[in-house]
Amino acid sequence: MALNIIKVRDDHQPFKFEPVEEGRFKISLDEGEEAPSWVASADQDFGTKELRSRIEPWLTSLFQSEHLSLLAGSGLTHAVHYLAAGTGAAGMGAVAFSNHQAEINKAAEEAAERSGRKKGNLEDQLRVANELLRGLEILGKAEEVEKLAADLDATLEAFSKSILLSETGIASADESTREQAFNHLVTFLMSFASRSGVRDRLNIFTTNYDRLIEAGAEFAGLHLLDRFLGNLMPIFRSSRLDLDMHYNPPGIRGEPRYLEGVARFTKLHGSVDWVQVGGDIRRIGLPFGAEEVLPYLKAPGLGGASTHKLMMGSTPLAR
């Protein structure tokens, strides 16, 4: 059964709850835990009405905070993919390298442990492999560099395909379920983004590599300020952090007002359509749900970029 977590208002800790039948749930307590105050006992079931009465007033006040940020992880993609296609999206498992596998795994596990995580993942492996590649280049190990670079190319190509496969699953789903999924996504995004003009902009952060939030923003008419400038092949400008959009109301003199329907957007781990070109990061015109990235890396302005230049799971300009 699916396990859910809730913590709002005066809850002193997160509480887990699971479905017991259609539309009904029950608190799941660990040993020594007490039931929250809003259920009579741990054995009492409850429905969406009780959940809404807890969550909606809390969210309403939260949405009008002076500063508001939203962090979206893979759960958002899995939820929308499930609504559209009836299955979860692609996951992110560990990969196998043909060379230095043991050393890469060991360093990745150590890095994960230092970060407070129990187990290393693909991102840890990619980061360690890139560091190792640079070390081998310094040592002049040309043959090993070639093999590890080929491994990284193949890994990132396969990984990018899995991300695009998730996008394809949503884009090619039955029209009715796809529309329902995007309606939920638009409602979710606009619940956070519809803020008073005197409040600071919503900041959306995501660890996802896919473009689901961007697609949802297009459907919602929400303009995302992501620090990429340009139209044909936008370039990332870190100096444009405070760029915003204002307008002068007709017939009113004074300070320009914030344009509505705008949010700041940051992809913390990169994106499937970000490519390192020389010393810059470019966003390429990769359609939502494309089969693969490689054909779109053959544009003249990308200088023969390979999948190793995709900015996923690495710090920009670290390679």
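Contact map, segment 38-60: residues that are part of a helix (DSSP H, G or I) paired with residues that are exposed (fewer than 15 other Cβ atoms within 10 Å of the Cβ), Cβ distance under 8 Å, separation 6+ or inter-chain. Pairs shown: T48/G23; R54/R9; P57/R9; W58/R9; L59/S191. Summed over segment 113-130, residues that are without any contact (Cβ under 8 Å) to a residue 24 or more places away in the chain, surrounded by 12 or more Cβ atoms within 10 Å (Cβ to Cβ) and either among the β-branched types (V, I, T) or farther than 25 Å from K161 by Cβ (or both) total 2. Could you please let me know if L224 is under 22 Å from L68 (Cα atoms) and either part of a helix (DSSP H, G or I) or not basic (K, R) (or both)? It is true that L224 is under 22 Å from L68 (Cα atoms) and either part of a helix (DSSP H, G or I) or not basic (K, R) (or both).
Taken together, the residues in segment 78-108 that are surrounded by 17 or more Cβ atoms within 10 Å (Cβ to Cβ) and on the phi > 0 side of the Ramachandran plot amount to 1. Screening N99 on (1) closer than 20 Å to T206 by Cα; (2) not in a helix (DSSP H, G or I) shows it passes everything except condition (1). I'd like to check something: does segment 199-207 contain any residue that is assigned to a helix (DSSP H, G or I), touching a strand residue (DSSP E or B) at 6+ places or on another chain (Cβ under 7 Å) and at pLDDT below 95? The answer is no; no qualifying residue exists. Exactly one residue out of A72, A90, A112, A79 is modelled with pLDDT under 90 and within 28 Å of A193 (Cα to Cα): that is A90. Residues being crowded, with 19+ Cβ neighbours inside 10 Å and assigned to a helix (DSSP H, G or I) are represented in segment 135-142 by at least one member. Can you tell me how many residues in segment 209-236 are surrounded by 16 or more Cβ atoms within 10 Å (Cβ to Cβ), free of Cβ contacts under 8 Å to residues at least 60 places away in the same chain and among the hydrophobic types (A, V, I, L, M, F, W, C)? Residues flagged as surrounded by 16 or more Cβ atoms within 10 Å (Cβ to Cβ), free of Cβ contacts under 8 Å to residues at least 60 places away in the same chain and among the hydrophobic types (A, V, I, L, M, F, W, C) within segment 209-236 amount to 6.
Within segment 260-279, being modelled with pLDDT of 90 or more and either in contact with a helix residue (DSSP H, G or I) (Cβ under 6 Å, 6 or more places away or on another chain) or over 25 Å from E218 (Cβ atoms) (or both) holds for A263, V272, V275, Q276, V277. If you go through segment 237-278 and keep only what is exposed (fewer than 13 other Cβ atoms within 10 Å of the Cβ) and under 26 Å from L164 (Cα atoms), you end up with L268, G278. Sub-6 Å Cβ pairs linking a first residue in segment 67-90 that is within 13 Å of R178 (Cα to Cα) to a second residue that is among the β-branched types (V, I, T) and surrounded by 20 or more Cβ atoms within 10 Å (Cβ to Cβ), at least 6 apart or interchain, are H81/I170; A84/I170, ordered by first then second residue. Considering only segment 161-170, I want to know if a residue exists there that is closer than 30 Å to N248 by Cα, surrounded by fewer than 20 Cβ atoms within 10 Å (Cβ to Cβ) and under 18 Å from the mean Cα position of the chain (by Cα). Checking segment 161-170: not a single residue is closer than 30 Å to N248 by Cα, surrounded by fewer than 20 Cβ atoms within 10 Å (Cβ to Cβ) and under 18 Å from the mean Cα position of the chain (by Cα).
Just one of the numbered conditions (1) within 16 Å of the chain's Cα centre (by Cα); (2) outside any loop (DSSP other than H, G, I, E, B) is not true of H184: (1).
Confirm whether P295 is modelled with pLDDT of 90 or more, loosely packed, with under 13 Cβ neighbours inside 10 Å and of a type outside the set (D, E, K, R). Against the criterion (modelled with pLDDT of 90 or more, loosely packed, with under 13 Cβ neighbours inside 10 Å and of a type outside the set (D, E, K, R)), P295 qualifies.
The values are calculated or read from the model by the stated rules, or taken from the named source; none is laboratory data. Remember, it's a predicted structure, so these values are computed and weren't measured experimentally. FYI the Cβ positions are ideal-geometry reconstructions off the backbone, even for glycines, and counts take in every protein chain you see.
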